[in-house]
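One structure below.
The values are calculated or read from the model by the stated rules, or taken from the named source; none is laboratory data. The structure displayed is predicted, hence computed values, not measured ones. Here the Cβ positions follow ideal geometry from the backbone for every residue, glycine too, while neighbour counts run over all protein chains shown. Quick note on the areas: whole protein, heavy atoms, side chains included, nothing else; ligands and nucleic acids left out. Shrake-Rupley method; radii C 1.70, N 1.55, O 1.52, S 1.80 Å.
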Amino acid sequence: MYIEINNYTKILSKTTVLNDISIKMDKGKVYGFQGCNGSGKTMLMRAICGLISPTKGEVIIDNKPLSKKNSFPDSVGILIENPGFLSYYSGFKNLKIIAQIKNMITDETIRATMSKLGLDPYDNKKYGKYSLGMKQKLGIAAAIMEEPEIIILDEPFNALDEKSVTIVGNEILNLRNKNKLIILACHDSKELEYLCDEIFVIENGKIKDHRKFTHIGDYDNEEK
Amino acid sequence: MQKGKIILNRESFVRFQRQLRYDNVNGILHYWKMAIPVIVLTVFVCGKFLSDYYCQARELSSLPVPSTADFIVDMFKGMEKYEPEVKTKPFEIPAFYLFFNIYISYAIAKYPFGDLKGMGKNVLVNSKSRSNWIFSKFVWCAEIIVVFYVITYMVATGFSALTGSVTFRLNEEVNAAVSNIGLAQTNFLMDAIILPIVTSICISYVQLMLSFRFNLLTSNIVTIVVICLSAYYSNTFLVGNYLMLLRNFSVIGMEGVSTNYGYIICILLSIVSLFLSKEWFRRIDIF
């Protein structure tokens, strides 16, 4: 599993939001997109999961370019911007609805994913009554529950308390160890440096810097 | 290779079914509040018809009690052909025709785009097919329109139960005296029941297509303009005319719009809208 982005440019209403971006990413690694608000991180994530099409360039996933006929990657889990769920269902029911589309995982797997992230799968509280942190964790659960080959998490630590940040961080590293390709976007460089093998710094839609790290093992927020 | 393709198609069909089930649950079952204005509007129109009936019944003692079909015909009669040169006939768009169709336009616009901003994005990426998403939304659109129409028939049935005549048999005397319309029983099903549904589906499909090509506001405005223009001009190509029985050939003769043309135009427009939407949705950026 690999992702290759070749000369990707996206122009929206005469504004270049992604400018000639070329990146290669491999499985078993965590990649970070770092940049300030409006730098193009989220847009690049949308490009990788096929939600937007390029003005120029291409995204190739395992030799298959994303195109009109092949809109989305075969196996991808996403959390892009704020998680959106149905307010009148519980967290579990929401995840179940998403899981039913592929019908690959059991209820037990959904419950196990929720528990791992610190959510009670038997809690009947409706999503609309969830706190911001719980909503965020449910969004992460939706992205990772099927253990897709590519996991895209945009600002996954938003609204999470320190304990939850540690839990999510460890889960990201677990998935990395399972050979998944993980992409994170975050404006906090400390979080990214702890988790990522490579970081791309994005500024005004362009890659300004590319840093590589030696992975440090277990993630513990307390140590920072 | 052939076998692989068949398996892929079957998988795609199964995913379409799942997408459709998702839309049915979220866009219809959990969309039930959208039915309330339709019920209120229909109760109001049926109530007015009943009150008009009792006024007439006082004068014409032999008037039979109105049936379910009479309520439906009155609801969907629309307005007579407007002639600006006849000063005694002011241009008054019938409330039911206007509000019912504008409300459908609003309901159709609300769900698909709302879904795409929320969980629908995950569902779309998981289903892996933009075509499945759009086809599912078109099926949903037809279903919700049928649901809205069925609600109006149910309210009409409720009112006719009050009068004690739950039947789809038209009473010519009631239609003539209260609704000012003469529709033959043989034309009731095709002209008063199926044609308005097919026309509403067609208008909604065109609206969906325009919303994918331009934006929600533009598509809503176009729909409202078509509904109003149809009331003003009696014309084969202004499809709103097929929503009004008083504009139909089988009611007013040669000056009316043809039911057959109505079906042909609406079905063709629906098919074109479906395929254009599919093409445009492939290129649309989802934020």
**Message:** Using alpha carbons only, how many angstrom separate the centre of the stretch B:83-115 from the centre of the stretch B:196-223?
**Reply:** 13
**Fill in**
Of A:136, A:34, A:100, the most mobile residue in a GNM of chain A (C-alpha springs, cutoff 10 Å) is A:100
**Item:** Label-point separation in nm, residue B:214 to residue A:174, each point 7 Å along Cα→Cβ
**Value:** 5.1
**Pair residue A:104, residue A:36: separation of 7 Å Cα→Cβ label points (nm)** = 3.9
**Prompt:** At what distance in angstrom do the alpha carbon centres of the stretch A:63-133 and the stretch B:228-282 lie from each other?
**Reply:** 42
**Asked** Say we join alpha carbon atoms closer than 10 Å with springs in a Gaussian network model of chain B; which of B:163, B:199, B:42 then has the biggest fluctuation?
**Response** B:163
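Please average, across the residues of B:122-135, the number of beta carbons from any other chain that are within 10 Å of each residue's own beta carbon, and give a whole number.
On the way: counts 15, 4, 6, 15, 14, 3, 10, 3, 5, 3, 1, 1, 0, 0.
Average per residue, whole number: 6.
Does chain A come out rounded, prolate or oblate by the C-alpha gyration tensor, with a ≥ b ≥ c the root eigenvalues, rounded set by a/c under 1.5 and, if not, prolate when a/b is larger than b/c and oblate if not? If you can, show how the numbers build up before the last one.
Numbers: a/c = 1.66, a/b = 1.36, b/c = 1.22.
Prolate.
Per residue of B:279-287, what is the mean number of Cβ atoms on other protein chains within 10 angstrom of that residue's Cβ? Let's see the in-between values first.
Values: counts 1, 0, 1, 5, 2, 3, 8, 8, 8.
For peptide B:279-287, the averaged partner shielding equals 4.
Working with all protein chains in place, sort A:16, A:214, B:152 by solvent-accessible area computed with a 1.4 Å probe, largest first.
Numbers: A:16 60, A:214 125, B:152 0 Å².
Result of the area sort, largest leading: A:214, A:16, B:152.
Considering Cα pairs under 8 angstrom that are at least six residues apart, work out the relative contact order of chain B and quote it in whole percent.
Numbers: 343 pairs, mean separation 76.4, N = 287.
Across chain B, relative contact order equals 27 percent.
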**Message:** Under 8 Å for C-alpha pairs, at least 6 residues apart: give me the relative contact order for chain A, rounded to a whole percent.
**Reply:** 28
**Asked** What list of ³J(HN,Hα) values in whole Hz, one per residue of the stretch A:101-112 in order, does the Karplus curve 6.51 cos²θ - 1.76 cosθ + 1.60 (θ = phi - 60°) give from phi, with Gly and Pro shown as x?
**Response** 5, 8, 6, 9, 10, 8, 4, 5, 5, 4, 5, 5
**Asked** Residue by residue through the stretch A:143-158, which ³J(HN,Hα) values in whole Hz follow from phi under the Karplus form 6.51 cos²θ - 1.76 cosθ + 1.60 (θ = phi - 60°), with glycine and proline marked x?
**Response** 6, 9, 4, 8, 6, x, 5, 10, 10, 10, 10, 9, 6, x, 8, 4
**Projected label distance in nm at residue A:204 and residue B:232, using a 7 Å step from Cα toward the beta-carbon** = 5.0
**Asked** For peptide B:18-28, how many partner chain Cβ atoms fall within 10 Å of a residue's Cβ, on average?
**Response** 2
**Request:** Choose one answer from B:98, B:208, B:189: the residue with the largest mean-square fluctuation in a GNM of chain B with alpha-carbon springs under 10 Å.
**Result:** B:189
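Using only alpha carbon pairs under 8 Å that are at least six residues apart, calculate the relative contact order of the stretch A:31-103 and give it in whole percent. Could the numbers behind the result be given before it?
Numbers: 33 pairs, mean separation 15.9, N = 73.
With pairs under 8 Å counted, the relative contact order is 22 percent.
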